[in-house]
Amino acid sequence: MKEYIEKILHYTAGNLLQKVILLALLPVFTHFLAPQEYAVYTNIVVFISFASLLYFLGFQQAIFSYFYHKKTPEYHYTLISSIFLTITGIGIVLSLLIVILRVELSQLILRSPDYTHIMIWVSVILFFDVIYGMVLSILNMMERSKQYILVGNFKHILLLILLVVAAIASRFSLDTIFILMTISSALAVLVAIGVMGSIMKDFADQITEKRIFSFPIVKKLLSFGLIMIPGTFAMLILKVSDRYMITYLSVHSLYDVGIYAIGYRIGMIITFLNSIVSLVYFPYVMRVADCSHAKESFKKVFNAYVIFGGIVGFFVILFSPEIFKIFINKSYHEAIKIVFFGVISNYLYGIFNIINLSFYVKKRAGNIALAVGLGAILNIVLNFILIPKYGIYGAGIASILAFGLIVIFNFIIAEKIYPISYKIGYVVFSIVILISISSINFILDYQVYHTFIKVLFLIIIAIIAVKYAKQNKLFNEICQKIK
């Protein structure tokens, strides 16, 4: 139990640090970049997210199901080396393609060829980030929380330092951002390779015959992972494609993208809780899925997330005016009213991930891909209908409805193949509360005394929540059962 409490503390500290870094960067970005420039940055980062799916080949999802397929050093050595040889070769090819097609990509992503040169930096960032991301996935599956946090935060801290130095030196620009992202990615991948090299040496010392590549292993990973690529691609459409659609469909184009991206980004503070659940609990689930207590464990974590995720989301929406007043340049303050779109969408995404544990246990990747595909289609259709009429609000409504669809769809399917009896009604109630509290930002103009009232309310709710958690032992399943 002590081991798992330590892991929770490690991941909590690490993810909290990442969120703090995110908030620390937002004032810098919003001070030096106009909304249209921030939109350029956002759209390129979105492209990086989409392109990385091809670089990863679905290995991040596949390793989740196949890492413990065999628990021998021979298997793990061959599995890891096979993965890195494959993604390195594919990464070189794909990065060269981005360089060759840089003019066309700039026109497609940003409706302008003026940013062609940035695509060269993007090709390098993608190559390094995929290797870096794969190392983090393996560290997570091996439950090496200390190394995961150290490696994972190195890049973010380094980028923060470099960007702050650039801002102080008055050298802050879009070009500077992507150059420094390239430098931080390159240095971070060196650290990641060093850590992974140490792990591989430990495996090598335990075996006599070293096999660095196995086609059968890669074939198994691809058979699972490639199916997940369309699903993950569809998930990215759900999460970020609205930026592109606002670029083309909204009256104010890139300006609206900048405002929407900032509001949605603040709403993503709730993903701190999503990360803790997935990093600490999910690897544990895959090891104990055959145990008699597994289903009860799933249910308790679901209930805990519904309650505490709802509370976190509630206070992010409630305190969004204060967050903007403290961290964000006033030219972006109209985004306060759309924070709740990001909160609710990411809250539903956390629910969706917990429900999907049933499909990972049963190795039913197709079910996840199908649900996300339907959600992506609905999101695109709704964006086409709502953005021209309602602008960024239309994009937010489309996001919530699409995430709601995938939650309901996979809840129904999951209960048929691996019944757990999740209380989905709790989720509906939480969403109603979150939407209701968001109305405050439309009705009231912010006053300083509002903050004191909110802080008092926060203390009362926190006391009630802690008492409820102790009475119902909601987090016991995360930090016990393994001793």
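The values are calculated or read from the model by the stated rules, or taken from the named source; none is laboratory data. Treat the numbers as computed from the prediction; the structure is a model and nothing was measured. Here the Cβ positions follow ideal geometry from the backbone for every residue, glycine too, while neighbour counts run over all protein chains shown.
Just checking, which of 170, 123 is out of contact with any Phe, Trp or Tyr (no Cβ under 6 Å at 6 or more places or on another chain), small (Gly, Ala, Ser) and part of a helix (DSSP H, G or I)? If you could, list the steps in order and put the result at the bottom.
On the way: 170 fails: part of a helix (DSSP H, G or I).
Sole residue among the options that is out of contact with any Phe, Trp or Tyr (no Cβ under 6 Å at 6 or more places or on another chain), small (Gly, Ala, Ser) and part of a helix (DSSP H, G or I): 123.
Free of Cβ contacts under 8 Å to residues at least 60 places away in the same chain and either closer than 21 Å to residue 245 by Cα or touching a helix residue (DSSP H, G or I) at 6+ places or on another chain (Cβ under 9 Å) (or both): does that describe residue 408?
The answer is yes for residue 408.
So residue 268 passes all but one of these: (1) at pLDDT 85 or above; (2) surrounded by 23 or more Cβ atoms within 10 Å (Cβ to Cβ); (3) aliphatic (A, V, I, L, M). Which condition number does it fail?
(2)
Select from the range 183-241 the residues that are among the basic types (Lys, Arg) and at pLDDT below 90 and write down the one among them that is nearest to residue 46 (Cα to Cα).
That would be 239.
Could you grab the pairs with beta carbons closer than 6 Å, sequence gap of 6+ or different chains, first residue in the range 140-157 and assigned by TED's automatic domain parsing to the domain that holds residue 22 and in contact (Cβ under 8 Å) with a residue 24 or more places away in the chain, second one in a loop (DSSP other than H, G, I, E, B) and among the hydrophobic types (A, V, I, L, M, F, W, C)?
141/67
Within the range 101-112, track down each residue that is assigned to a helix (DSSP H, G or I), free of Cβ contacts under 8 Å to residues at least 60 places away in the same chain and closer than 21 Å to residue 245 by Cβ.
Result: 104, 105, 106, 107, 108.
What number goes with the only condition from (1) part of a loop (DSSP other than H, G, I, E, B); (2) within 18 Å of residue 124 (Cβ to Cβ) that residue 44 does not pass?
Of the numbered conditions (1) part of a loop (DSSP other than H, G, I, E, B); (2) within 18 Å of residue 124 (Cβ to Cβ), the odd one out for residue 44 is (1).
Between 336, 344, 311, 397, which is in contact (Cβ under 8 Å) with a residue 60 or more places away in the chain, closer than 20 Å to residue 238 by Cβ and either more than 18 Å from the chain's Cα centre (by Cα) or crowded, with 23+ Cβ neighbours inside 10 Å (or both)? Talk me through it step by step, then tell me what you get.
Working: 336 fails: closer than 20 Å to residue 238 by Cβ; 311 fails: closer than 20 Å to residue 238 by Cβ; 397 fails: in contact (Cβ under 8 Å) with a residue 60 or more places away in the chain.
One residue alone meets the criteria, 344.
Being closer than 26 Å to residue 357 by Cβ and in a loop (DSSP other than H, G, I, E, B) narrows it down to one residue among 412, 420, 408, 433; which is it?
It is 420.
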